[in-house]
1. What are the semi-axes of the equivalent ellipsoid of the range 13-53, taken as the square roots of 5 times the eigenvalues of the Cα gyration tensor, listed largest first and rounded to whole Å?
2. Straight-line reach from LYS44: which aspartates and glutamates have Cα under 20 Å away, leaving out those fewer than 8 places along the same chain?
3. Please report the carbon-and-sulfur percent of the accessible area for the chain; probe 1.4 Å, protein heavy atoms only, DNA, RNA and ligands left out.
4. For the chain, report the % of Cα-Cα distances exceeding 22 Å.
5. With only Lys, Arg, Asp and Glu charged, each at its Cβ (+1 for the first two, -1 for the last two), find how big the charge dipole of the chain is about the Cα centre; round to the nearest 20 debye.
Amino acid sequence: TIRYELNRSSLVTLTIYNARGAEIRTITSNSQPAGINEIRWNAKSNAGNSVASGVYYYRLKAGKEARSGKMILLR
């Protein structure tokens, strides 16, 4: 679960990458309301396949701002 706070309503894009930098999944690309929001990744790729345990990175873009983070997936 990725939790974030928006100061105002914005178009939000959340993309997951593997440790090599390859895009695994774009979870959302839509407008989100101001305030605290959260998005849950079900550990599946864009093709719908389950991904392996390991280190993954996300990039969250909201309007003109962007943030990155690191996640560890354990199965």
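1. 22, 11, 10
2. GLU23
3. Here carbon and sulfur together make up 45 percent of the probe-accessible area.
4. The share of Cα pairs beyond 22 Å in the chain comes to 21 percent.
5. It works out to roughly 120 debye.
The values are calculated or read from the model by the stated rules, or taken from the named source; none is laboratory data. Just so we're clear, the structure is a prediction, and the values are computed from it rather than from any experiment. FYI the Cβ positions are ideal-geometry reconstructions off the backbone, even for glycines, and counts take in every protein chain you see. These area figures cover heavy atoms from the full protein model, side chains too; ligands, DNA and RNA do not enter into them. Shrake-Rupley method; radii C 1.70, N 1.55, O 1.52, S 1.80 Å.
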